[in-house]
Amino acid sequence: MFKQFEKAGEGAHAEKRKIADQVIDALTAHMWIEDHVLESIEEHHVVLWMLSELKDLDPAGERFDAKMSVLIENVRHHVEEEEKEWFPDVRKAMGRNRLTELGEEMQKAKKKARGEPLAVPSAKG
Ligand SMILES: [Fe+2]
C-alpha cells in the first residue's frame, strides 16, 4: 500500500484517498490487536503469579479462599474480554481452515505445556 501510494501521481487524488483509507483500516486493526495482545499478556502475568502462590497455599488457611476468588474473577474477566473483543476479529481474519489448523496445534502444545506457572514466558517481566 505504501508503494502504491508513493507511485500514485501528484494529481491522483481519488486513488490516494482510497489507499489512505486502506492504510488507516489496516494500521488501526494492527494497533488494536497489538494493544489487546499486550493487555492479555499482562493479565496472563497476574494469573500465573497467583497460580504459583496457590500451589503452596494451605486450603485450610485464611488466604486460600480469598486468593481463589480473586483468581476466578480475574480469569472470568480475561476470558470474557478475549472471547468478546478479540476472538471475533481473529475468526474473521483467519478463516475456517486456518482456525482448524490452529486448534490442532493448540491441542498438541497442550500436552507439553504442563507444570510450573512461572516457567510460562508471560510470567516474566
Ligand atoms: Fe488468555
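Table for the structure above
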quantity	calculated
Search result, residues across the range 50-70 that are open to solvent by less than 70 Å² (accessible area, probe 1.4 Å) and without any contact (Cβ under 8 Å) to a residue 40 or more places away in the chain	50, 54, 57, 61, 64, 66, 67, 68, 69, 70
Number of positions in the range 18-55 that are within 13 Å of the ligand (Cβ to nearest atom) and of a type in the set (Gly, Ala, Ser)	1
Close pairs (8 angstrom Cβ cut-off, 6 or more residues apart or separate chains): closer than 17 Å to residue 30 by Cβ in the range 75-92, near the ligand (Cβ under 10 Å from one of its atoms) and of a type in the set (Gly, Ala, Ser) anywhere	86/40
Qualifying residue in the range 46-67 (condition: among the acidic types (Asp, Glu) and touching a helix residue (DSSP H, G or I) at 6+ places or on another chain (Cβ under 7 Å))	yes
Count - residues of the range 8-37 that are farther than 21 Å from residue 86 by Cα and either in a loop (DSSP other than H, G, I, E, B) or modelled with pLDDT under 80 (or both)	5
Test: residue 41 is surrounded by fewer than 14 Cβ atoms within 10 Å (Cβ to Cβ), within 20 Å of residue 123 (Cβ to Cβ) and in contact (Cβ under 8 Å) with a residue 60 or more places away in the chain	yes
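The values are calculated or read from the model by the stated rules, or taken from the named source; none is laboratory data. None of these values were measured; they are calculated from a predicted model. FYI the Cβ positions are ideal-geometry reconstructions off the backbone, even for glycines, and counts take in every protein chain you see. Note: accessible area is taken over every heavy atom of the protein model, side chains too, but ligands, DNA and RNA are not part of it. Shrake-Rupley method; radii C 1.70, N 1.55, O 1.52, S 1.80 Å.
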